[in-house]
Amino acid sequence: MEAEVAEPAPAEPEEAAPPEPGDAASVQASPEEPLPLMEEAEEGPAGNGEEAAGMTEEAAQGLAEEPEGAAGEAEIEEGEPEGGPAETEAEAEALGVAAASFASEAGSVEGAPSMGSLLAGPLPTSAAFEEGEPLEPPPLQVSEQLARRISLSLWELERQGSPERLEPGSSPDEQEEEEESEEDAAARRAEEQRQRAELVEQYRQLVLERGRLRHYSARLQSKLADALNKAKGKERARPELEQHISDKEQRYNRYLAMLQELRNQQQEEMAWYQQQMEALQQACEEKQAVVNSQWKAYQATKKEVAVYTMGRRLGGRQAAIQKVDQIQSREESKEKEMTEVRLENIKLKHRILKLEASLKAQEQLAEGLHLIDFEQLKIENQTYNEKIEERNEELQKLRRKITNTVQILTQVKEKLQFVEAENQGQKAQLLAVEALLAQKREVLTRIKQARDRLRIDNEKLHQKCGLLGDTLLLRDFEEKVNVAEVLKQRLEALKRQHAGLTLTCNGVKKKIRGIKSFLPL
């Protein structure tokens, strides 16, 4: 029942035309102050409408090649033609379309003068169109985000203002437990304030964008006026083309009227579809409310009966309530899944009906082409058979390659196992060698310590032994010792000789004294 009630069938026309981010209509701030020229200026080059594109080419070609007639000049100078406000708006939009075609040329106009002042002033020269015109800056792409946030804010406000709705499979006690606390409400209000501030800031940006687009539209209007004046100045001396010009103007006005009529029709249809959608949405909400109330009563009754029945078997009301809640939660999830499946089934049925209708239309249109289609299908079938044979050959090659690859992979795996086993043995040998190396390192450390001790002892012994071990010094020392012994012996001999000489001298002195004593004074 929920799937049949919640199906919004006429909602498809609304999704058929989403707004483009770069479209000038998406940045229009208010319906009271539209942008009459930029809408068509953006719409024409992008190719958003076949009628507008065709009218743009013909109008731009007619304005660039032929001069403006008396009727067109009077309409531009007076500002309000005979057709009234509707025709004036249509002509303004057409001027915007023609201005979009001139936007691709090189040309620049400073400021934004009015149409009357431009037509009343001096005629421009070709130099005015060769100075160059800067490209239009990209518009602010905030329309989709703004619309989405506005829709979310409206949905939240509607949700706050609407009475509490009981979801299927829930009880009043559970609804009371799921109510928001005061802190959550304060946080939600703060979030709403923040979103409101963001929306205000985006509105300001859109207002600035609207001013920029108006300025750009005024520049395009001035450029179009220059082009019209230039064309009139060149072709003013050719009265034989006035009849042709009037035909062009009539066709131009007719296209403008057709364009305005199509737009009005589109707006009326959109309004009607919107009303239908709102009515269906309201009916759907009413039916959904009825379904929810009935489902609530049904679930409450079923819960009471189940609790009463299972309370005896489980031996307690609380256990029965928990069991029933679990069952109802599972039932609710299954109901949701069934609802989604029903919706998908309905969509698929509608799609099947559309496809069947299109298939029947194609069969009716192609009744006389079955034989040709059959021949073409035979040729295609033969081609596909050849391709299938080629693919089979490629498949056989791939299978052989896969077999070879599997064999190589098996050999590699076997070799890998052997290498892993050998690696394990090498690892064990490495561990033994590392253990032996550790032992040798300990022995080497002890040997180095003993060597250091022996070196210290050797140095001490060297210090004690003196010249031991130095052959040259020992030989020199031996020679010195020998020389010293010879010198000692010579010294002894000299001492003995000196002693003998001293004794001799003493004896001589005694003899001299004795002789002196015997001599007379």
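Structure summary
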{"item": "Neighbour net charge for Asn392 - beta-carbon separation under 14 angstrom, K R +1, D E -1", "result": "0"}
{"item": "Dipole magnitude of the range 385-521 about its Cα centre (Cβ charges: Lys, Arg +1; Asp, Glu -1), debye to nearest 20", "result": "2020"}
{"item": "Likely footprinting exposure, Ser329, Ser222, fewest C-beta neighbours within 10 Å first", "result": "Ser329, Ser222"}
{"item": "Integer Hz, Karplus 6.51/-1.76/1.60 couplings in order for the range 248-255, x for Gly and Pro", "result": "4, 5, 4, 5, 4, 5, 5, 5"}
{"item": "Across Lys287/Lys347; Lys303/Lys347; Lys296/Lys334, pairs whose alpha-carbon gap is larger than 22 Å", "result": "Lys303/Lys347"}
{"item": "Shape metrics for the range 316-365, restricted to C-alpha atoms - Rg then Dmax, Å", "result": "21.4, 72"}
{"item": "Under Karplus coefficients 6.51, -1.76 and 1.60, residue-wise ³J(HN,Hα) of the range 375-381 in Hz, glycine/proline x", "result": "4, 4, 5, 5, 4, 5, 5"}
{"item": "Length released on extending from Leu262 to Gln362, taking residue separation times 0.36 nm less the Cα-Cα span", "result": "33.0 nm"}
{"item": "Hydrodynamic radius of the range 383-465 per Kirkwood, over alpha carbon pairs, in Å", "result": "19.5"}
{"item": "Using distinct alpha-carbon pairs, which all enter the 1/r mean, Kirkwood radius of the range 453-513 in Å", "result": "15.6"}
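No value in this document is a laboratory result; all are computed from the given coordinates. The structure displayed is predicted, hence computed values, not measured ones. With ideal geometry, Cβ positions are generated from the backbone for all residues, glycine too; neighbour counts draw on all protein chains shown.
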